[in-house]
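Asker: To start, I am sharing the structure in question, which I have written as structure tokens.
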Amino acid sequence: MTNTCDQIRIQMGLYLDDELRNGERDEFEAHLQSCTACHEVWEQECRFLERVRAAEPLYVASSQLRERIERNISTSSEPITASHNLRNRIQEALRPSYSPEFHPHLPRLVALTAVLLAVAFAGFWLFSMRSKPDRGLQISGPSDFALMAVDTHLRRLRGQLPLEFISDSPELISSWFAGKVSFSLKLPNYQESSRQEKLYRLEGARLVALKNDYAAYVAYKMKQSPITLVVTANSVALPSGGEEIVSKGLKFHYDSINGLKVITWSDRGLTYALVSDLEERGQQSCLVCHAGTKDRDFIEGLKITSINR
Amino acid sequence: MNGIFAYLACYSLWPQASGGDSLMGKTDKSISDFRQVALEHLDALFGFAMVLTRNRTEAEDLVQETYLRAARAFGRLVPDSNLKSWLFAIMRNIWLNQLRHEQSGPQFVEIDAEDESRWQWLDQTASDPHAVLMQKVEREQVRSAIERLPVRYREVIVLRDIEGFSYQQIAGILQCPAGTVMSRLGRAREQLRSLLVRWQAGTVTK
Ligand SMILES: [Zn+2]
């Protein structure tokens with residue numbers, strides 16, 4: 001094998017992948033015409049690649065997946081609005097570090113600054129997760145899970161999240177989720193068990209994508225105000241950020257995002273997010289639903305904690 | 001933290017989008033185009049998801065998350081050149097983030113142990129005389145061989161030989177230099193070929 005042949009063998013893959021420049025390709029083809037050894041190698045390579053390429057498609061998506069994706073794409077319309085949302089969300093997350101002499105007309109500087117700030121923020125966030133004090137008074141940005149819950153709530157408001165299961169029965173909705181989500185969800189029935197006058201009602205449920213999993217989405221309505229409950233497993237999301245309020249061993253994270261109230265908390269292996277546009281502060285929006293129930297002392301606990309702050 | 005990196009990875013053009021209008025101002029037409037065109041790549045994306053995860057459930061979730069993110073980002077982060085490679089890049093970013101999230105770090109599992117179940121179907125089907133079935137066997141063989149490669153090899157093989165992306169596009173999807181694509185592809189094909197040769201020798205001598 002001559003030097004040229006060595007060169008040709010190195011270029012073989014590039015030639016077969018059509019990655020050689022015109023001049024190189026011409027030289028390559030000229031050599032192939034004149035050298036039987038290289039021609040032989042080329043033929044072998046061709047047969048091998050044909051064999052691999054004949055295996056396409058390797059897998060075919062199931063019709064259920066196709067339907068689900070079609071439904072998702074059609075429900076997540078209005079991407080311009082969504083993009084504003086996203087921008088707000090990122091800005092919200094970055095806000096503490098923004099400086100007043102920020103120049104919006106220098107896109108490259110903006111990009112660089114945003115990346116640096118995001119990295120700084122991410123570092124800060126990691127630090128705050130690792131070394132969270134027991135009685136943390138610092139208020140950090142809302143968690144991804146809280147943001148996702150708000151996004152879900154907004155999409156529901158825009159009519160982009162049709163319910164997959166319509167029912168006002170906590171039992172039926174709980175059993176509808178069985179086998180669809182990776183955790184067991186049992187919705188409470190505060191109103192029934194406490195014979196409380198109906199302040200809010202269940203509307204229905206659906207699945208929403210979250211990371212590598214589906215989260216449970218439950219829609220409530222109080223008067224004309226929709227309330228969103230998103231539930232996932234601890235392993236998928238944990239509550240963090242916002243204003244922390246501790247009561248009866250549970251730590252609630254209270255955020256206000258785009259004028260919506262979000263409370264996230266974790267209990268017995270599940271992480272919850274409750275979103276509403278109620279005027280009241282977070283803990284009081286619990287009180288609105290749970291007034292007159294045995295949960296009252298629980299809510300009172302929240303209020304006392306809040307006064308002490 | 002993963003969330004922030006996911007934003008950076010998937011929406012890295014965002015700050016520019018607020019500065020100029022080159023990526024903004026997409027019309028409704030392009031959005032409906034997205035719905036139409038994006039679904040054409042469903043099988044390809046599902047295939048890539050299978051290649052990455054080797055698990056049907058995980059692959060389906062990965063595909064769904066990819067479409068969700070793409071639909072949200074579309075209109076602002078429009079892939080000028082190639083919607084398909086853009087979708088692939090989003091998918092791989094999500095998958096990488098999930099790997100990091102699993103805390104044990106990226107698991108580039110090398111499969112060296114012989115997998116009995118894979119050999120069984122080879123024995124069963126190799127004796128069947130029908131040509132059509134042979135073709136199926138052939139495809140099954142190639143797919144199984146690809147599945148047995150380390151993930152860094154199987155992803156580059158699938159992106160090039162099954163999906164037909166250029167080196168430059170693959171470099172964009174994998175976030176690595178084109179030279180790395182070239183050398184990795186060479187090694188991947190070498191390993192795939194020797195695996196197929198070994199299997200063929202195995203069935204022939206049976
Ligand atoms: Zn030669």
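The values are calculated or read from the model by the stated rules, or taken from the named source; none is laboratory data. Since the structure is predicted, the reported quantities are computational estimates derived from the model, not experimental observations. Neighbour counts run over all protein chains shown; Cβ positions are idealised from the backbone, glycine included.
Asker: Yes or no: residue A:46 hydrophobic (A, V, I, L, M, F, W, C) and surrounded by fewer than 16 Cβ atoms within 10 Å (Cβ to Cβ)?
Answerer: Numbers: hydrophobic (A, V, I, L, M, F, W, C): yes; surrounded by fewer than 16 Cβ atoms within 10 Å (Cβ to Cβ): yes.
The answer is yes for residue A:46.
Asker: While we're here: Working carefully through the options B:85, B:18, find the one that is modelled with pLDDT of 90 or more, buried (at least 17 other Cβ atoms within 10 Å of the Cβ), farther than 20 Å from residue A:211 by Cβ and not charged (D, E, K, R). It would help to see each step written out before you state the result.
Answerer: On the way: B:18 fails: modelled with pLDDT of 90 or more.
The unique qualifying residue is B:85.
Asker: Kindly evaluate residue A:45 against the criterion of being over 30 Å from residue A:163 (Cβ atoms), within 16 Å of the ligand (Cβ to nearest atom) and not assigned by TED's automatic domain parsing to the domain that holds residue A:152. Can you show your working first?
Answerer: Values: over 30 Å from residue A:163 (Cβ atoms): yes; within 16 Å of the ligand (Cβ to nearest atom): yes; not assigned by TED's automatic domain parsing to the domain that holds residue A:152: yes.
Criteria met by residue A:45.
Asker: Just a yes or no: is a residue in segment A:49-63 within 15 Å of the ligand (Cβ to nearest atom) and buried (at least 16 other Cβ atoms within 10 Å of the Cβ)? Please lay out each step first, then the result.
Answerer: Of segment A:49-63, the ones within 15 Å of the ligand (Cβ to nearest atom) are none.
The answer is no, given that none of the residues of segment A:49-63 is within 15 Å of the ligand (Cβ to nearest atom) and buried (at least 16 other Cβ atoms within 10 Å of the Cβ).
Asker: Does residue B:171 meet the test of being modelled with pLDDT of 95 or more, farther than 16 Å from residue B:52 by Cα and buried (at least 17 other Cβ atoms within 10 Å of the Cβ)? Even if it seems obvious, please write down each step before you answer.
Answerer: Working: modelled with pLDDT of 95 or more: yes; farther than 16 Å from residue B:52 by Cα: yes; buried (at least 17 other Cβ atoms within 10 Å of the Cβ): yes.
Yes: the conditions hold for residue B:171.
Asker: On to the next question. Go through segment A:1-11 and count every residue that is within 20 Å of residue B:180 (Cβ to Cβ) and crowded, with 17+ Cβ neighbours inside 10 Å.
Answerer: 1
Asker: Where residues in segment A:1-33 are within 20 Å of residue B:164 (Cβ to Cβ) and either of a type in the set (A, V, I, L, M) or more than 11 Å from chain B (Cβ to nearest Cβ) (or both), which of them is farthest from the ligand (Cβ to nearest atom)? Walk me through how you get there before you give the answer.
Answerer: Within segment A:1-33, the subset within 20 Å of residue B:164 (Cβ to Cβ) is A:11-21, A:25.
Subset that is either of a type in the set (A, V, I, L, M) or more than 11 Å from chain B (Cβ to nearest Cβ) (or both): A:12, A:14-16, A:20-21, A:25.
Values: A:12: 10, A:14: 15, A:15: 13, A:16: 15, A:20: 16, A:21: 20, A:25: 16 Å.
Within segment A:1-33, the match that is farthest from the ligand (Cβ to nearest atom) is A:21.
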